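Q: If you scroll down you'll find the structure; I have some questions about it.
The values are calculated or read from the model by the stated rules, or taken from the named source; none is laboratory data. Being a predicted model, the structure only gives us computed values, none of them experimental. A quick note on method: Cβ atoms are made from the backbone with ideal geometry, for glycine too, and the neighbour counts reach across all protein chains shown.
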Amino acid sequence: MHEPKRDELTVRQERVILVGALLPGEDHGGEAPLDELQRLAETAGARVAGRLTQKLPHIDPRTYIGQGKAEELRDLCLAENADAVLCDHDLSPAQVRNLERVTEAKVLDRSEVILDIFATRAKSRQAKVQVELAQLEYTLPRLTRMWSHLDRLGAGIGTRGPGERQLETDRRVITRRMAHMRRELADIASRKVRESAARSGEFRVCLVGYTNAGKSTLLNALTGTNDAFVEDRLFATLDTKTRTWELDGSHRALLSDTVGFIRRLPHHLVASFHATLEEAIDADLLIHVIDVSHRDCMHQAEVARQVLEEIGCGGHPVLNAFNKCDVALPTVEADLLAASLPDHVRISALRGDGLADLRARVLHLVAQRETRVTVRVHCGNGRLLALLHELASVLASSSENEQVTLEARVEPRHLPALRGAAGPSDAIIVHPAAPLHAAAGKA
């Protein structure tokens, strides 16, 4: 029987059949079971030719959907001239092998489709290394049936050991490559730690949320730039971008965009992208962008919350931004979401609606984080007086003889400049800051 080649795990320009096992208690939110898998397939470049679902008490260990349904799938593949089958769960190597034998079509699972999308989206060296490591971690336990040559003995000089098979050679090559990738990611992580330390005085805000919620559009709108890639596709952003966000004349924040989350995001992918997600881990504030025009918005918000818990952001301050309000229709789902997250801001990143309110909310949090200082300065020290009015928010001032006393709020990053301008007779008294958590919700 013809067995399809699996030397390339890709669905680009192929006709595919979507397959899903409907299990008891599995939550698809408000969507039809295979809607999200269809968007993933289309993002990967495939053309969806058909769908097939099967209600099961549990996934069939041999063929995923049962022998009878697998034979029905074979007939559908033949009728639709399909090249590949995409399954909505992760499959074992045996399930893939058995389904391919029955359908005579290439079979890929949900993780393989996501990895294929990530591979095409990766642009920076960091993203490419992260994707390759995730692919290798996924491939290693599936080597036995990945390529047709793996059961043959090594035939080249230097490849033949006592009874060694090509499978063992490939396994060692992949293991060494994975070790190299991990070392390179460790180096990247070290550099990011140094970069993060250099920005420790800045107020750092990170945009998080479900994929395609509008995070990159919001980054462009808030920072006045247009270099964050925007497309109406899943996972348009893989590389973290950080831009300066001018909140007003004396306050700013560093705003970062991150890779979007998705239902059943592969754990090895989360692990590989840990260095990218550290922007969220190190942030002072998370803006959770939620697409309230999506009929599954409440479920998507919950998925994002769960991923944030998984990566260690469960206790971070969160400001919920309900995006795409300009096209959102009133739904029970949206009403339930608003009731569950009453402290939110309604915005349209595309049209600019509500962005002033969002900026004001963040500015309030930045002001809470500011350090309150009392400065006693000689009236002749014009440099320090000018810096105070430029870098700080002066709350009150008084003068007596030749000394000026000012009460002000200032971002911690500006304190070294103020101290550098102080003269021998000047004094800068720093008061304890209020905790930020009092002004925002938590993840």
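Q: Restricting to segment 384-408, name every residue that is assigned to a helix (DSSP H, G or I) and loosely packed, with under 13 Cβ neighbours inside 10 Å. Break it down into steps so the answer makes sense when it comes.
A: From segment 384-408, those assigned to a helix (DSSP H, G or I) are 384-391; that's our starting set.
Listed by number, the residues that qualify are Ala386, Glu390.
Q: Over 30 Å from Thr240 (Cβ atoms) and in contact with a Pro (Cβ under 9 Å, 6 or more places away or on another chain) - does that describe any residue in segment 110-129?
A: no
Residue by residue, here is whether (1) surrounded by 17 or more Cβ atoms within 10 Å (Cβ to Cβ); (2) charged (D, E, K, R); (3) not assigned by TED's automatic domain parsing to the domain that holds Val292 holds:
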position	(1), (2), (3)
Glu36	yes, yes, yes
Thr53	no, no, yes
Pro57	no, no, yes
Ile65	yes, no, yes
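Q: Another one. Ser393 passes all but one of (1) touching a residue at least 24 places away in the same chain (Cβ under 8 Å); (2) in the same structural domain as Val205 (by TED's automatic domain parsing); which number fails?
A: Here Ser393 meets the rest and fails (2).
Q: Would you check which residues across segment 358-380 are closer than 26 Å to Ser397 by Cβ and of a type in the set (Lys, Arg) and list them?
A: Arg369, Arg372, Arg376 - these are the residues of segment 358-380 that are closer than 26 Å to Ser397 by Cβ and of a type in the set (Lys, Arg).
Q: Within segment 103-150, take every residue that is part of a helix (DSSP H, G or I) and touching a strand residue (DSSP E or B) at 6+ places or on another chain (Cβ under 7 Å) and give me the one that is modelled with the highest pLDDT.
A: Residue satisfying both the conditions and the ranking: Thr103.
Q: Spot the failing condition for Gln306; the list is (1) assigned by TED's automatic domain parsing to the domain that holds Val205; (2) at pLDDT 90 or above, and only one is missed.
A: Just one mismatch for Gln306, condition (2).
Q: Let me ask something else. Looking for something at pLDDT below 80, β-branched (Val, Ile, Thr) and exposed (fewer than 11 other Cβ atoms within 10 Å of the Cβ) - is there at least one such residue anywhere in segment 165-187?
A: Checked against the condition, which is being at pLDDT below 80, β-branched (Val, Ile, Thr) and exposed (fewer than 11 other Cβ atoms within 10 Å of the Cβ), segment 165-187 yields no hits at all.
Q: Checking Cys379 against (1) over 30 Å from Asn212 (Cβ atoms); (2) in contact with a Leu (Cβ under 7 Å, 6 or more places away or on another chain); (3) without any contact (Cβ under 8 Å) to a residue 40 or more places away in the chain, which single condition isn't satisfied?
A: Checking Cys379 against (1) over 30 Å from Asn212 (Cβ atoms); (2) in contact with a Leu (Cβ under 7 Å, 6 or more places away or on another chain); (3) without any contact (Cβ under 8 Å) to a residue 40 or more places away in the chain, the one that fails is (2).
Q: Here's something else I'd like to know. Here is a list: Gln54, Gln95, Gln38. Which entry is farther than 26 Å from Gly260 by Cα, modelled with pLDDT of 90 or more, of a type in the set (S, T, N, Q) and assigned to a helix (DSSP H, G or I)?
A: Of Gln54, Gln95, Gln38, the one residue that is farther than 26 Å from Gly260 by Cα, modelled with pLDDT of 90 or more, of a type in the set (S, T, N, Q) and assigned to a helix (DSSP H, G or I) is Gln95.
Q: With the condition kept exactly as written, say whether any residue in segment 297-311 is among the acidic types (Asp, Glu), closer than 30 Å to Met181 by Cβ and surrounded by fewer than 18 Cβ atoms within 10 Å (Cβ to Cβ).
A: Let us first name the residues in segment 297-311 that are among the acidic types (Asp, Glu), namely 302, 309-310.
Imposing the further condition that a residue be closer than 30 Å to Met181 by Cβ reduces the set to 309-310.
Now restrict to residues that are surrounded by fewer than 18 Cβ atoms within 10 Å (Cβ to Cβ): 309-310.
For segment 297-311, residues among the acidic types (Asp, Glu), closer than 30 Å to Met181 by Cβ and surrounded by fewer than 18 Cβ atoms within 10 Å (Cβ to Cβ): present.
Q: Before we move on, is Arg194 surrounded by 13 or more Cβ atoms within 10 Å (Cβ to Cβ), at pLDDT below 90 and in a helix (DSSP H, G or I)?
A: For Arg194, the condition - surrounded by 13 or more Cβ atoms within 10 Å (Cβ to Cβ), at pLDDT below 90 and in a helix (DSSP H, G or I) - is not met.
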